[in-house]
Protein chains: 4
Amino acid sequence: MKTVSVIGDGGAPEGSLLYETAREVGRLVAERGYVLITGGLFGVMEGASRGAKEKGGLTVGILPHYENLSNPYVDIKIPSGMGHARNVIVVSSASKIVVAVGGNYGTLSEIAHALKLGKKVVGFRTWEIEGIENYENSKDFVAYLSSLL
Amino acid sequence: MKTVSVIGDGGAPEGSLLYETAREVGRLVAERGYVLITGGLFGVMEGASRGAKEKGGLTVGILPHYENLSNPYVDIKIPSGMGHARNVIVVSSASKIVVAVGGNYGTLSEIAHALKLGKKVVGFRTWEIEGIENYENSKDFVAYLSSLL
Amino acid sequence: MKTVSVIGDGGAPEGSLLYETAREVGRLVAERGYVLITGGLFGVMEGASRGAKEKGGLTVGILPHYENLSNPYVDIKIPSGMGHARNVIVVSSASKIVVAVGGNYGTLSEIAHALKLGKKVVGFRTWEIEGIENYENSKDFVAYLSSLL
Amino acid sequence: MKTVSVIGDGGAPEGSLLYETAREVGRLVAERGYVLITGGLFGVMEGASRGAKEKGGLTVGILPHYENLSNPYVDIKIPSGMGHARNVIVVSSASKIVVAVGGNYGTLSEIAHALKLGKKVVGFRTWEIEGIENYENSKDFVAYLSSLL
């Protein structure tokens, strides 16, 4: 199975542009037959997982802790217990494409690890880093991602 | 989704008692609706994954390297790049039950991590460690496992 | 610099045979010019670190968390944040010799990882595992270890 | 003991501005009594370690592999075997200050992890990331760092 990883702002609330854009990404990922990989927690991770489940997709959450705690849209929980080092696994688990939606330093570490590992990183309102394509407009972003999947 | 982790001898060849017992475990795990977690490599990991796929199950392989390399029966590859530390994740990803089939020091580390994390470990011809149930007879072993799932 | 790792019962209180034996091990390690590596926490880890400092040695603690919290005899703190996966690093950091003093499942995982990595494991009242030498008598144990360092 | 972590371009050759600046950082770190933490490999990691040893300092190298292989100026080798995840440990091991000298995506991941963990990051010709101070002039950079240590 092919996978896409979605990373980003873990604090974006339901209804926000970041959360809802991630949700649309999740739907798209599922519709195209990819398994969704996230860090399993909240905000963008939840939005993407929720969207994927709305389209009958399969979702994996690679958690920083050992507890089974995740957002409710994660099918398979991988409780790594590795703290921030789990960020490496979230992006190394993408077959090719990593999608970044907003995000702070944790997301930046994931973008960096993804680029180091040779993944293609597509961003929406995320860090402006050489090597990634970063969209400001949600529609353009989803259209571009759609062309890649 | 509920998960079962299968660990054990990574060198057991197809047709050997360990490989074929793992295969039977894989079938059972899939039939009972669990997702199978393994280290994604060969021997027992392959046997279990193969058995699960024979019954239409879903298999996850948590790999020690970053490459996409695994046995051919792994659906979702998690290339952790963490070396032996991935052993911790293989067992922390079990909802409750870890099954050990044969195995050497790597398997022993997984048994130890599993017991430390409070998982139930069921063994077939594996390490005799306080806290695990270890069967010598394949039929008894599968029957017991069947009663747990 | 050459290193020796000491692992074992994290709950052994000051004055107990395990704690005091670890302390003697720490003294010996420091006297022979090795840097001491431990998991940085309490019980045997503390005893060994304390003994090493009594002889002017240098101590490293590889911690499971991100906090700076350790026993007071750790010179260099490596707060890995990797949970149980830090056990791998504790033993991979030994130049050659890993010393196990008592211990439970966490220690067993370290013994297994050490043997997998080709380290020599010397034990005192620890797990009876094929491939390690395990002493019941403290004096014999220290004499044997002394012959190795 | 207090520690400073130095990260950066692993390919900078001896004699280059990045290597020699890192070397000066290493000297400064050692003179002020800090233990130097690096990733233990080459380029900036070697330059910093070499500088620290020139001033009688103590150096720790947190290696991505299990082998004992490092630059020749590393006193204590921590062969983590964790691949890129060792980047987290390199910066989590800094008491407070992380120094970035040049660097590519690996360094960016370390800067991000450092900022996430609340470390102060001081940079020389490295990534322009919100939250770090990044100097273009070597003299100014060293003077500023000197004021912090």
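So which residues in segment C:47-95 are surrounded by fewer than 24 Cβ atoms within 10 Å (Cβ to Cβ), of a type in the set (D, E, K, R) and within 14 Å of chain A (Cβ to nearest Cβ)? Correct list: C:GLU67 only. Identify, by number, the condition in (1) at positive phi; (2) more than 14 Å from chain B (Cβ to nearest Cβ) that A:GLY33 doesn't meet. Result: A:GLY33 passes all but (2). In segment B:1-58, the residue that is farthest from B:ILE111 (Cα to Cα) out of those that are polar (S, T, N, Q) and assigned to a strand (DSSP E or B) is B:THR3.
The criterion of being free of Cβ contacts under 8 Å to residues at least 12 places away in the same chain and closer than 25 Å to C:HIS84 by Cβ holds for B:GLY118. Note on segment A:96-126: residues that are within 11 Å of another protein chain (Cβ to nearest Cβ) and either in a helix (DSSP H, G or I) or within 14 Å of the chain's Cα centre (by Cα) (or both) total 17. Given the criteria small (Gly, Ala, Ser), touching a residue at least 12 places away in the same chain (Cβ under 8 Å) and not in a helix (DSSP H, G or I), does A:SER146 qualify? So A:SER146 fails the test.
Read-outs throughout are calculated quantities, based only on the coordinates presented, and are distinct from any laboratory measurement. These numbers come from a predicted model, not from an experiment. Cβ atoms come from the backbone with ideal geometry, glycine included; neighbour counts cover every protein chain shown.
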